[in-house]
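One structure is given here, and the rest of the page talks about it.
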Amino acid sequence: MLKIAPSILSADFAHLAQSVQKVEQAGAEYLHIDVMDGHFVPNITLGPLLVKALRPHSKMFFDVHLMIEQPERYIDDFVQAGADLICIHAEACTHLHRCVTQIKETGAKVGVALNPHTPLNVIQYILPLLDLVLLMTVNPGFGGQKFIPQVLPKIDELSRLIKQNGLTAEIEVDGGINAETAPLVARAGARVLVAGSAVFGAPDPAQAVHDIRRAAEQ
Ligand code: DX5
Ligand code: ZN
């Protein structure tokens, strides 16, 4: 079963609760929340306060994507604010296993994100601990970028690795996902599809959620 995760990065920040409710009513399973620190990535977005403010407005699974250096400093704050899953970047974390363990100890689900160029072997030995692996299909930092097709074989390889070892980690993809690219990533084995501009940049975000799901399920 595919899950659609609209990214609020492309939503209207002045009317966030209404935007979130639109995609929730359309059946989106995850709400993807992009946190950027101006160091790991060039952009700055939002923090735990905004997650806390949104929490009473939605029952969706809050998928918090931390594009920040030394994420261990903020894990507790995001969990207390209402994150259901915390995803950290392997490239931003010196002691990745320690950081993954720290997230698990809070009771939240844990994901590790990999930039397009980062090989899968950086997570080889911790894969059994993970609930989710996020394969970036753009270089992180901004919404509305073009899908990088070179990541497709990586999705396929991770999917086989998970199956061969009887593991349960979900494969999430993020960046440039729309009704055209959704079938490609779904065929390669992605199960959680993040879409920002394709959902919130569309005239009807609810329709866009349906269109991406339909395209991916073909
Ligand atoms: C990019 C973010 C994405 C972003 C995707 O760094 O991690 O979640 O919102 O936006 P689109 O779907 O427009 O590529
Ligand atoms: Zn993201």
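No value in this document is a laboratory result; all are computed from the given coordinates. Quick caveat, the model's predicted, so the values are computed rather than measured. Using ideal geometry, Cβ is built from the backbone for each residue, glycine included, and neighbour counts are taken over all protein chains shown.
Less than 27 Å apart at the alpha-carbon level, and either on another chain or at least 8 residues along: which lysines does that give for Lys59?
Result set, ordered by chain and number: Lys3, Lys22, Lys104, Lys109.
Please give the calculated 222 nm ellipticity per residue for the chain, where each DSSP H segment of at least 4 residues contributes -39500 (n - 2.57) and the sum is spread over every residue; nearest 500 deg cm²/dmol?
-9500 deg cm²/dmol
Please list, in chain and number order, the residues 5+ apart from Ser58 or on another chain whose amide H is under 5 Å from its amide H, with Hs placed from the backbone.
none
Applying a 10 Å radius around every beta-carbon, put 100-109, 61-70 in order of their mean neighbour count, most first.
Top of the packing list down: 61-70, 100-109.
Cα convex hull of segment 110-218: how many Å³ per residue?
97
Whole number please: convex hull volume per residue, Cα atoms of segment 62-162, in Å³.
Output value, Cα hull per residue: 98 Å³.
On each of the three principal axes of the Cα atoms of segment 168-218, give max minus min coordinate, whole Å, ordered largest first.
Here the spans come out as 35, 19, 16 Å, largest first.
I need the P(r) histogram for segment 3-217: all alpha carbon pairs, bin width 10 Å from 0 out to the longest distance, whole percents.
Once binned at 10 Å, the Cα pair distances of segment 3-217 give 9, 38, 39, 14, 0.
Is segment 1-113 rounded, prolate or oblate when judged by the Cα gyration tensor, a ≥ b ≥ c being the square roots of its eigenvalues, rounded requiring a/c under 1.5 and prolate requiring a/b larger than b/c?
Because a/c hits 1.5 or more and a/b exceeds b/c, segment 1-113 counts as prolate.
Expressed as a whole number of Å, what is the distance separating the alpha-carbon centroids of segment 94-142 and segment 26-46?
After rounding, the separation between the Cα centres reads 15 Å.
Magnitude of the Cβ-charge dipole of the chain, K/R +1 and D/E -1, about the Cα centre, nearest 20 debye?
Roughly 340 debye, rounded to the nearest 20.
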